[in-house]
Structure formats: structure tokens, C-alpha cells
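**Q** Handing you a structure now.
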Amino acid sequence: MTDAHGHAGAHAHAEPQGFIWKYVFSVDHKVIGIQYLVTSLVFLLIGFSMMLLMRWQLAIPTPPDDFDPEKLSLIRSFLNWLFPESMPYGFMDPVFYNQLGAMHGTIMVFLGIVPLGVAAFGNYVMPLQIGAPDMAFPRLNMASYWTFLVGGIVLLASFLAPGGAPQSGWTSYAPLSVVAPAGQTYWLIGMVIIITSSLFGAINFIVTMLNMRAKGLTMGRLPVFCWAQLVTAVLLLLAFPVLEAGAILQLLDRVAGTSFYIPKDLIYGSTVFPRAGGGNPILWQHLFWFLAHPEVYVLLLPPMGIIAEIIATNTRKPLFGYRELVGSMLLIGVLSFIVWAHHMFLSGMRTSLASLFVTTTLTISVPAVAILTCLLMSLRGASIRFNTPMLFALAFLPMFAIGGLTGLPLGFAPTDLHLHDTYYVIGHFHYVVAPGSLIALLGGTYYWYPKMFGRRMSEKLGKIHFWMTVIPMNFVFFPMLIQGMYGMQRRLAVPVEQSHNLPVQGWSLIIGIAAATLFVGQIPFIINFFWSLRSGEAAGENPWNATTLEWACPSPPPHGNFATEPEVFRGPYEYSVPGHKTDYWPQDEAA
Amino acid sequence: MREEWGFHWGLPQPAASSYAGDIDFLLILLHVVMVALYVIGVALFVVFLVKYRARDGHRASYTNPGESASFLPAGLVLAFEIWLILAFEVPIWGAVKKSTPPPAESLNVKLIAQQFAWNFQYPGPDGQFGRRSAALVTAENAIGLDPDDPASKDDIVTINQLHVPLGKPTILGMTSKDVIHDFQVVNFRNKQDIVPGMETVLWFEPTVAGKFEIGCAQLCGLGHTKMVGQVTIETESEFEEWKKQQVADASPSDTGTADARPVIPAVDSHS
């Protein structure tokens, strides 16, 4: 790059010819973004399918009194045929349950939500929003996608390993994970590959945003979505190497006979485990959560950025408190590095550390409350358009609020004593990630689809999809809070084997029905996604009458994005400016 | 053990430890505040959606009044949280987790967790725990009790059965033989991970007589769900009686009875 706003580096690649180089091994950030979008949506569907099997098991965990193996229901016959060994008669073997549980979590977090929020939308939208022709390092960008895909395939391939997929939870706590069958080795190798991919992406995002912004696009004029991506990239860059190192140590424990996480005199298989020992299982938890808590904000910040964009566009007014929003995101970024041990109050970690981590954890709620306040107050004085992306964005606010609020009794050590490791935790973080992040990401798909493919998605199907997503989701996750309050532990294949869970078992049937409905509710989305590619209404350059730079180039943008380098004259959300001829004033429109 | 489903704020009944009342109070307090905040926020949200919907003749406002006042909710939340920490977290966490009652005035029991069972070791009349060693662990001697240690002679070892006296603190010194487990009795409103290679401590003072379920709250493998034990809370005299019975059952002349103390082979087999 020759000067602060130079694009020399990105122009290094000419438009490729031929299908393979244009659409498969592409270095164009837009193609890579769409590759990430499709791949992560497929992974989300895979992860969801696994959970459907688990929810089936939890809904009816044991044979009813009148159960007759000769007369199986259609679903049971199907499951019996599909998984004769791990789901005989449609009842799940606990080992298979543990495998699906570990893989559901891993897939949803590392192969679903993060790649969708960061890599898909970040790759596609961020360079457009900053007026750049591509990412700073296009080849690194391509390497990031293909590395990610390989990592994802390695993780899925673990099902074929002797002994099956990883079965120690997505958290892979040692020593259980160290003594687990071979699938865990796949998990560790897959994670190392995925983390490497993330690091490629994070470096690329930071360099691109700092160096390739269009003329006049100062940091103070950067859309909130880009700020969110910037903070996220820094979190990934600083937190992920810790887990990568931790995973390599666990890999060595498994394959090279080391004892990083293995204490002396472990008894396994009724004999002393042949290791020198001296390691500490809690070390793994520290390394894991040092990533995995910032990871929560990696899951959350890009969706929050998406929400801010959609809300600004569809309220037709400037966002409330741009500085407060950006400042809160930066503060969350910093604080997210000093809260990790709130996952470990009861782990055997020194108990006097708890008060410190309770304090930092409760403190991080302050910027989170500030962000929600800003987004809520942005509605005041607005002229709200209720299109599909806006419905998803609006639903995010009350849904994520449940996720945020339920974090309070978990982050507060005395109440965590009762709620730790119960379904309350599951309900809490799913409210953050599913009715929270995922809802926002679906909204983002509807919002930027016209830019990606030049056509709008059907509003009618979109609204059906919206209601069939938001309503069942609440019936899936709210009962979990009730079960958790009653003390039902997570990760139980057959919860009714513990009699204290019996009074709240009935909710699991409701959750199962709601989960199946949620699955059906995604069909309109899938149809809409493919149908609109050819038959959607033509979108034009700026279908939502929005102000940010991605709407200043054709839909879909050609190779190199902008015919001439755009120049930015104002902030990102100049809507309803008094005296201006339209109710939106694009950033690049000369006064 | 199975309680009728009443309201009780959705918490399992009865609350059976000396600190359960404090924890229930906090759970209820937090949830009342959470619901109140939520209702206020959602009410505002709905009002905004209706009042500021797009319609003919309605135009959005360019200005956002009250930006500085928007720090108020965040500030109030922060003040509330600081109050929570100082008034409740510090004293309650301190009492439940950072300290134990005086061991001399408590029942001391060792819990040795394994896939997928809870082994309890009582010190017997001498008040001394017999020495344990990983090298001595066999299928019969699950906790690896050393028969050569005089202190181990009168120890009581039970599987999945914890008996404790009512109204007196019990201190569990907990270790794991294999992977991480977690001792949870929902009626006590407390739990604690049990980690191989170190001892963690959980104490409770039961306030209600009866039998409660011990569940494992940390994924420990394929039998995790089935890792269930029972804690029996009985009067001091019933408890003493139970201990005497255990010692009698474990006497060498009577090793064959059910629930007996494991037989320790005289010579270790060459493995």
C-alpha cells in the first residue's frame, strides 16, 4: 500500500476467468463471503439436526408403559433403521448422546455462528462499507476459507473414527477428553485448523479496516458493523492462540504421552493410568475459557453490528448514541478478557478468586446495557418500516435481553451455586446465541441478500419464516430456564434416571415439539433463498434507500466493487436530514 | 424425595441446608429485578413500535434528544450490581465456599468419586482416616484403603450412600480417581466439582431430615446420568446407630453381607 488510503495492494489480482477460478478458488472477498455464508448455513443445519435427535431422546427418554418393540411408530422405525446401533428402537445410547452433544456445540459455535457473523458478512460487507475493492490480502482470505472447510470436514469426519465422535462436551474438559476415544484427536486437529483459519481472517480484517478505508472515511464515520468487526477481529487474534496452544497440549497428552492435564495416580480402567502425572485438569479449563469467553462476544458483536445497520436503515433516522455504541463495544472487547473464570467458580479454582471475576462479569453488563439502550432508544422518533430484516432486528432486542438478564444469576457466584451446570445455563446462552445472534444473522441475510445476488428475497416467505422461527425458539429455550431453576442438570442422556428431575421432565416434550416446529419453520427460508436467486424482484443498487457505502455500488458488485474510488463526506447514518431532498443522504453523495 | 410441584419460585423443595435460604432469597431477588427491568424495557419497546411506525405524513426525527441521559440505566445497573456484590456475594460466598465450619465440631467424610459411583469414607471411632493409595485400588477395594494402616481398621466405606446427622455440619473432602465429577444435591443449593489430583471441599449443615438425591453435575462419560447417590439426613442418635451397624457389618466374621465394606485381598495379584 502506497499511502494511507491506497488500494494498490488489492488491485494486485485481475478479474479471473473461468468458472473454477471465479467461483470456487476465488480470491474475491464477495465470492469468499458467499462461500462462507452457504457453508456456515449448511453447518448450522447439520448442528440443528443433531440437536433434533437429542431433543427427540429427551422428549421421550425411556420406553412408555405400553411400548411394544413390534409396533414401532414411523419415527422410531426410521431412527431404528438409520442408527441401528446407537438408537435401537429410537432410544438413544448415552455414548451417542454425548457425541451429538459435543458436536452440536462445536459445530454451532465454531462452524456455524462465528463463520456466518464474522467470515460471511464480514468478508462480504466490510470491504464494501469501507469503499475498498477487496480485502488487504486476498490470497490469505482464500486460504482462510479453504482452511476452515478442511477443519470443518475433519471435525465431521470424527464420526467415522473408531469409538465415534468426540464425547466430552464442546468444552472438552480433561482428563475425560484425554482418555476419550480417537474422535477427540480429530476434534483437536480440526480445532487447530479452524483456529488457524480464524487467525488468517482476523489479521486480514484488521489490516483492511485500518488501511483501506475510502477517502474521507475517518474512524468516526465508520459504520457500527465495521466497528463490531474490528473489535471482533482483535478478540479473535488475541484469544484464539491461547486455545490453539491449549488444544496442541491436549493433543500431546493424547498422542505423545505427556501429562499437561493429567495428574499423578489417575485410575482409569481400574489400573493406574500410565503417565508421569503432575499436570492439572484445571489448566485446560483456564486455557479453554480464556478463548471461549471472548468467543461469546465474537458470537455477539457482529450480530449487534448487523442489528445497528438494519435499525438505522429502517427507522429512517440516525442511530441513537453512535459514540456510546462504539465505546461500549470497545469496552466489551477489553473486559471480555478478564471475565473467563466466571465459568469456573465451582471448578476447584481458588475460591477467593471468585469475587474478582464476579465483579468483572457484572461490570461487563454495563456496556451491554448501554448498547441495548442505544438500540432501543433509536426507535424513538423513528418512522419504522416493518420489512423482514427489520422484524428480525427488532426481535433481537427482547430476545437478547432475556439472554443478557439471565446471565446475571449465573455470573453472580452465590446464585451460580444452584444454577451452575443446569439447563438454566443452556437456556441463558442459547437466548444469547440463537434468538439473539442467529436471529440477527438471519436478518442480515435478508438485508444484504439483494446486494449479494441482485434480487430481493420474498417478503411473504420471509415473514412466515420470521414467525415460525421466533415463536418456536421461545418454546424451545424458555422452558430450559424453568428446568434449570428446578435443578435439572445439563448433559444427561436420560434425565429421568435422576428422580429430582421428574417434576420438570414434562417441559422436555414441549421443547421437543417446538424444536421440530422450528426445523419445519426453516423450510420457507431455504425455499426463499433459492427461489429468489432467479425469481426475486430485481433489487437495484440501493433497495432499502440506505446511506452506507455498500449501497453505492451495483448489486451484485462487479470485481473490484466500485467503478471509481468512492469519497466519503459524512457519517454513516444521515437519515431524515432536515432540508435534504430525500430522507437518506448517502455517505458518498457530494453536498 | 419427590416433592409436590408447588410454586416456590420454581425451586426444588424442601430447601434443606443452612445456607439454602440465603441462596433462594438471592435467586428470587435477582429474578424479581430481572423481570421488572424486562417489563419496563419491553413496554417501552412496544410503545415505540406503535407510536413510531411508518405511516403517511409521519417523518422520522433527525435528532436524538437525551443521549447523555441514556447512561442512566447502565449506571443504575452498575450501582445495583455493586450493592449485590458488597451486601451478598462477599458474605455468602465467603461463608459457603471460602471457609468451612470448625472441623472439630463437624462430621468429616471423604468422598472418592469415580466413573460412575460415589465412595464415602468415614473415619470410624478413632477419628482418623485410613491411608489410601492408588496402587491398592482394586475392584473390591475401590478407594485403595491401606490395610496395613492401623487407622484404616475401623473406617467405614460406603458406596452411593451418605448418612449425615441433622443440624450438624458435614465437611466433605472430595477427590476423584479418574475424571472430573461434580457433587450436587439440589435441595442443598450447592455443588462442587471434584477434580483428580486435588482435594476440593464442600460443606453443608442439613436442616431437614429425609433422603435426598446426589447427582453428578459434570459430564463424566457414558454413565454420567446413572451416577446417582443418596444422602440420608437423620437425627444424631439414628446416625450413631447407623455407624455402629456399619462397623458391625464390616467385622471380619461378617464380610459376606450386602453393603459390606469391601474385602481387601491379602496379596495383590500380579498384574
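**Q** Hey, can you list the DSSP H helices of chain A whose Cα span along the axis is 27 Å or longer and whose average Kyte-Doolittle score is at least -1.0?
**A** Details: long enough: A:29-59 (43 Å, 1.35); A:138-157 (29 Å, 1.11); A:183-211 (42 Å, 1.39); A:224-255 (45 Å, 1.71); A:281-315 (50 Å, 1.00); A:354-377 (34 Å, 1.94); A:388-411 (34 Å, 1.55); A:459-485 (39 Å, 0.79); A:502-521 (30 Å, 1.64).
Flagged H segments are A:29-59, A:138-157, A:183-211, A:224-255, A:281-315, A:354-377, A:388-411, A:459-485, A:502-521.
**Q** Then there is this: Using only the alpha-carbon atoms, what does the protein assembly as shown span along each of its principal axes? Please give whole angstrom values in decreasing order.
**A** 100, 59, 54
**Q** Same structure again: Starting from 0 in steps of 5 Å, tell me what percent of the Cα-Cα pairs of chain B lands in each bin.
**A** With 5 Å bins starting at 0, P(r) equals 1, 5, 9, 13, 14, 13, 10, 7, 6, 5, 4, 4, 3, 2, 2, 1, 1, 0, 0, 0.
**Q** Let me ask something else. Please state the charge dipole magnitude for region B:103-260, taken about the Cα centre, from unit charges on C-beta atoms (+1 on K and R, -1 on D and E), reported in debye and rounded to the nearest 20. The partial results should precede the final answer.
**A** On the way: 12 positive and 22 negative charges, 101 e Å.
The calculated dipole for region B:103-260 is roughly 480 debye.
**Q** Next question, about the same structure. Can you give the helix-only mean residue ellipticity at 222 nm for chain A, where every DSSP H stretch with n ≥ 4 adds -39500 (n - 2.57) and the sum goes over all residues, rounded to the nearest 500 deg cm²/dmol? Present the calculation step by step, with values, prior to reporting the outcome.
**A** On the way: 18 runs with 336 residues, N = 591.
It comes out at -19500 deg cm²/dmol, rounded to the nearest 500.
**Q** Quick one: compute the contact order of chain A, relative version, from alpha carbon pairs under 8 angstrom and 6+ residues apart, as a percent. Walk me through the intermediate numbers first.
**A** Numbers: 1019 pairs, mean separation 92.4, N = 591.
About 16 percent, as a whole number.
**Q** Let me ask another. What's the center-to-center distance, using Cα atoms, between region B:17-68 and region A:478-525 in Å?
**A** Answer, in whole Å: 27.
**Q** Evaluate E = 1/(1 + (r/R0)^6) for A:A538 and A:V496, where r is the Cβ-Cβ distance and R0 equals 60 Å; express this FRET efficiency to the nearest 0.05. Don't jump to the answer; show the numbers that get you there.
**A** Numbers: r = 55 Å, r/R0 = 0.92.
For R0 = 60 Å, the calculated efficiency reads 0.60.
**Q** What number, rounded to the nearest 500 deg cm²/dmol, is the helix-based mean residue ellipticity at 222 nm of chain B, given -39500 (n - 2.57) per DSSP H run of at least four residues and division by all its residues? Working shown, then result.
**A** Details: 3 runs with 60 residues, N = 271.
The per-residue figure over chain B is -7500 deg cm²/dmol.
**Q** Let me ask something else about it. Excluding A:P263 itself, what net charge comes from residues whose Cβ is under 11 Å from its Cβ, given Lys and Arg +1 and Asp and Glu -1?
**A** Values: positive: A:K264, A:R275, B:K177; negative: A:D265, B:D178.
Residues near A:P263 contribute +1 overall.
**Q** Also, I was wondering about something else. Charges at C-beta only: +1 for Lys and Arg, -1 for Asp and Glu. How large is the resulting dipole of the protein assembly as shown about its Cα centre, in Debye rounded to 20? Before the final figure, lay out the partial values.
**A** Working: 48 positive and 60 negative charges, 596 e Å.
That gives the protein assembly as shown a dipole magnitude of about 2860 debye.
**Q** Considering only the other residues whose Cβ falls under 15 Å of the Cβ of A:W146, what net charge follows from Lys and Arg at +1 and Asp and Glu at -1?
**A** Numbers: positive: A:R139; negative: A:D28.
Spelling it out: positives minus negatives among the neighbours equals 0.
**Q** So, one more: Can you tell me the 0 to 90 degree angle between the C-alpha axis of helix B:236-249 and the longest principal axis of chain B, rounded to 10?
**A** 40
**Q** Taking every Cα atom in region B:103-260, find the radius of gyration and the maximum pairwise distance Dmax, and write them in Å.
**A** 14.9, 41
**Q** Let me ask another. Pick from B:P103, B:P73, B:P65: which residue has the top mean-square fluctuation in a GNM of chain B where Cα pairs under 10 Å get a spring?
**A** Greatest mean-square fluctuation among the candidates belongs to B:P65.
**Q** Return the percentage of antiparallel bridges among DSSP beta bridges fully within the protein assembly as shown, rounded to the nearest 5 %.
**A** Working: 34 of 49 bridges.
Percentage antiparallel, nearest 5: 70.
**Q** Right, here's the next one. Projected onto the charge dipole of the protein assembly as shown (+1 at Lys/Arg Cβ, -1 at Asp/Glu Cβ, origin at the Cα centre), which of A:P572, A:P367, A:A182 gives the Cα projection farthest towards the positive end?
**A** About the Cα centre, the residue reaching furthest to the positive side is A:P572.
**Q** For region A:38-83 and region A:102-132, what is the centre-to-centre distance using only Cα atoms, to the nearest Å?
**A** So the separation of the two Cα centres works out to 29 Å.
**Q** What does the extension gain come out to for B:F7 and B:Q128, with contour length at 0.36 nm per residue minus their alpha carbon separation? Please report the intermediate quantities before stating the final value.
**A** Working: separation 121, 0.36 × 121 = 43.56 nm, distance 4.48 nm.
That works out to 39.1 nm of additional length.
**Q** Quick one: order B:F129, B:F45, A:F478 from most to least accessible surface, probe 1.4 Å. Could you put the intermediate results ahead of the total?
**A** Working: B:F129 60, B:F45 20, A:F478 100 Å².
Largest accessible area first, the residues go A:F478, B:F129, B:F45.
**Q** Follow-up question, since we're still on this one. Sorting A:I262, B:I40, A:I248 by accessible area (1.4 Å probe), largest first, what list results?
**A** Numbers: A:I262 0, B:I40 115, A:I248 70 Å².
Solvent-accessible surface, decreasing: B:I40, A:I248, A:I262.
**Q** Among DSSP beta bridges whose residues both lie in chain B, state the antiparallel percentage, nearest 5. List each step's numbers first, then the result.
**A** Details: 29 of 42 bridges.
Antiparallel: roughly 70 percent of the beta bridges in chain B.
**Q** Please count, across region B:103-260, the pairs of lysine residues with Cα atoms under 27 Å apart that sit 8 or more places apart or on different chains.
**A** Here the count comes out as 27.
**Q** Moving to a separate point now. Tell me the angle of helix B:20-51 to the major Cα principal axis of chain B, expressed in degrees between 0 and 90 and rounded to the nearest ten.
**A** 30
**Q** Could you point to the residue in A:P586, A:L160, A:V224 farthest towards the positive end of chain A's charge dipole, with +1 and -1 charges on the Cβ of Lys/Arg and Asp/Glu respectively?
**A** A:P586
**Q** Okay, next question. Check A:Y584: other-chain or 5+ apart residues with amide H under 5 Å from its amide H, H built from backbone geometry?
**A** Answer set, sorted by chain and number: A:S576.
**Q** For B:G173, which sequence-distant residues (separation of 5 or more, or a different chain) have an amide H within less than 5 Å of its own amide H, given hydrogens modelled in the peptide plane?
**A** Here the answer is B:V109, B:K110, B:L111, since their amide H atoms fall under 5 Å of that of B:G173.
**Q** Could you tell me which of A:Q250, A:L82, A:W448 has its Cα farthest along the dipole of chain A towards the positive end, charges placed at Cβ (Lys, Arg +1; Asp, Glu -1), taken about the Cα centre?
**A** A:W448
**Q** Still on this structure, please answer the following. For region B:121-171, what does the relative contact order come out to in percent, with C-alpha contacts under 8 Å and a separation of six or more? Provide the component values of the computation, followed by the final result.
**A** Values: 62 pairs, mean separation 18.9, N = 51.
Result for region B:121-171 is 37 percent.
**Q** Could you go through region B:120-135 in sequence order and give the Karplus-derived ³J(HN,Hα) for each residue, using 6.51 cos²θ - 1.76 cosθ + 1.60 with θ = phi - 60°, rounded to whole Hz, and x for Gly and Pro?
**A** Karplus values, whole Hz, x for Gly and Pro: 10, 10, 9, x, x, x, 6, x, 10, 7, x, 5, 10, 8, 4, 5.
**Q** Around A:A539, with a cut-off of 10 angstrom between Cβ atoms, what is the net charge of the other residues, counting Lys and Arg +1 and Asp and Glu -1? Could the numbers behind the result be given before it?
**A** On the way: positive: A:K451, A:R455, A:R456; negative: A:E537, A:E541.
That works out to +1.
**Q** Here's something else I'd like to know. Among B:G75, B:G197, B:G167, which one shows the highest mean-square fluctuation when chain B is modelled as a Gaussian network with alpha-carbon springs under 10 Å?
**A** Sorting by GNM fluctuation, first place goes to B:G75.
**Q** Mind jotting down a quarter of the surface of the convex hull over the alpha carbons of region A:472-533, in square nanometres, one decimal?
**A** Values: hull surface 19.3 nm².
Dividing the Cα hull surface by four gives the mean projection, 4.8 nm².
**Q** Also: Using only alpha carbon pairs under 8 Å that are at least six residues apart, calculate the relative contact order of region B:103-260 and give it in whole percent.
**A** Numbers: 348 pairs, mean separation 38.1, N = 158.
Reported as a whole number, the value is 24 percent.
**Q** Okay, next question. Pairs of lysines 8 or more apart, or on different chains, with alpha carbons under 29 Å: count those in chain A, would you?
**A** 18
**Q** Straight-line reach only, C-alpha to C-alpha below 13 angstrom: list the aspartates and glutamates that B:K98 could link to, leaving out same-chain residues fewer than 8 apart.
**A** B:E89
**Q** So which residue, out of B:D182, B:D22, B:D193, gets the largest mean-square fluctuation from a GNM of chain B using Cα contacts under 10 Å as springs?
**A** Highest fluctuation among the options: B:D22.
The values are calculated or read from the model by the stated rules, or taken from the named source; none is laboratory data. Keep in mind that what you see is a predicted model, and the values were worked out from it rather than measured. Glycine also receives a Cβ, built like all others from the backbone with ideal geometry; neighbour counts cover every protein chain displayed. Side chains included, ligands, DNA and RNA excluded: accessible areas come from the protein's heavy atoms. Shrake-Rupley method; radii C 1.70, N 1.55, O 1.52, S 1.80 Å.
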